[in-house]
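Notes follow the structure.
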Amino acid sequence: MIGIWGMGGSGKTTTVTAIYNQFQCKFENHGFIENIREVCNGGVKGIKQLQKQLLADVLKSNEKIYGTASGITTLEKRFMGKRALIVLDDVSTFDQVEALCGNSKCFGAGSVLIVTSRDVNILKKLEVDYIYSIKEMNEIKSLELFSWHAFRQPNPKGEFSELSSSIVAYCKGLPLALEIIGCFLHDRTVQEWESTLSTLEKIPDGQVHKKLRISYDGLKNDTEKDIFLDICCFFIGEDRAYVS
Ligand SMILES: Nc1ncnc2c1ncn2[C@@H]1O[C@H](COP(=O)(O)OP(=O)(O)OP(=O)(O)O)[C@@H](O)[C@H]1O
Ligand SMILES: [Mg+2]
């Protein structure tokens, strides 16, 4: 069992997705259970739903699950001896892992279970074999990611070069912050950039991370764009009507 740990928006899901996509073909049974924290906010029903999903995705079985406890037994029986690759993404309590893959001994030899979490204590309690901590992005990569979102190219446009470096420094290597602020500043004037920078300067050191500790999965449709604008307004402190 491997644990991946990092703060919200640091790249856990991105990293584990890349690993899963690369290695899933080597396992006959494989499954990726995402958004566990969010789904389980719905209580026991959420856990039961994830147990069902695990059975369906990994074992192609649509067996009924009547309760969490009986679900654990069913999963253990069905997984017995099977070599599997399973990802449990964004786990927020120890019980969630217990309910989904509690008895890792039931899996066949060569199985790999990867658990990601914002809370390193859960991974420690699970006694995973190895904990990988997501590192913050270095300055060069940060500027590149920010530039893709702010300018749609890998480096800043001439007049924005210095401003870009100053803003990137405030993101402290957090991909989510680089993306959100980069998107927000796309196609804006130098004055708007300067005003954003001065807002960032007022946020106490390290707090930018806290303000953006949310999941951000790309802007695929209008609803998401709407939510995104709201987040930007919250973050930048602007009136929503002005930004729209
Ligand atoms: N190495 C990377 N290169 C480029 N973009 C990245 C990288 N890592 C993460 N990102 C981007 O940053 C954003 C946040 O990443 P991700 O969703 O993986 O974070 P997370 O740690 O899973 O957050 P949460 O705890 O909220 O689930 C995503 O939009 C993703 O595309
Ligand atoms: Mg995630």
Pop a pseudo-label 7 angstrom from the Cα along the beta-carbon direction at both Ser166 and Met80 and give the gap in nm to one decimal.
6.7 nm
Tell me, what is the FRET efficiency for Gln191 and Trp148 to the nearest 0.05, using R0 = 35 angstrom and their Cβ-Cβ distance as r?
0.90
When a footprinting reagent is the concern and you count Cβ atoms within 10 Å, what order do Asp119, Asp187 take, fewest first?
Asp187, Asp119
Given the Cα-Cα distance of Ala69 and Asp95 and 0.36 nm per residue of separation, how much length would full extension add, in nm?
8.2 nm
Report the calculated FRET efficiency for Thr199 and Ile140 (r = Cβ-Cβ distance, R0 = 22 Å), to the nearest 0.05.
0.30
Within the set Lys12/Lys45; Lys12/Lys82; Lys60/Lys82; Lys77/Lys105, which residue pairs have Cα atoms separated by over 19 Å?
Lys12/Lys45; Lys12/Lys82
Ranked on Cβ counts within 10 Å of their own Cβ, fewest leading, Ser142, Ser195 go Ser195, Ser142
Could you put Arg83, Arg152 in order, starting from the residue whose Cβ has the fewest other Cβ atoms within 10 Å?
Arg152, Arg83
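Read-outs throughout are calculated quantities, based only on the coordinates presented, and are distinct from any laboratory measurement. What you see is a predicted model, and the numbers here were worked out from it, not measured in a lab. In this analysis, Cβ positions are derived from the backbone assuming ideal geometry, glycine residues included, and neighbour counts consider all displayed protein chains.
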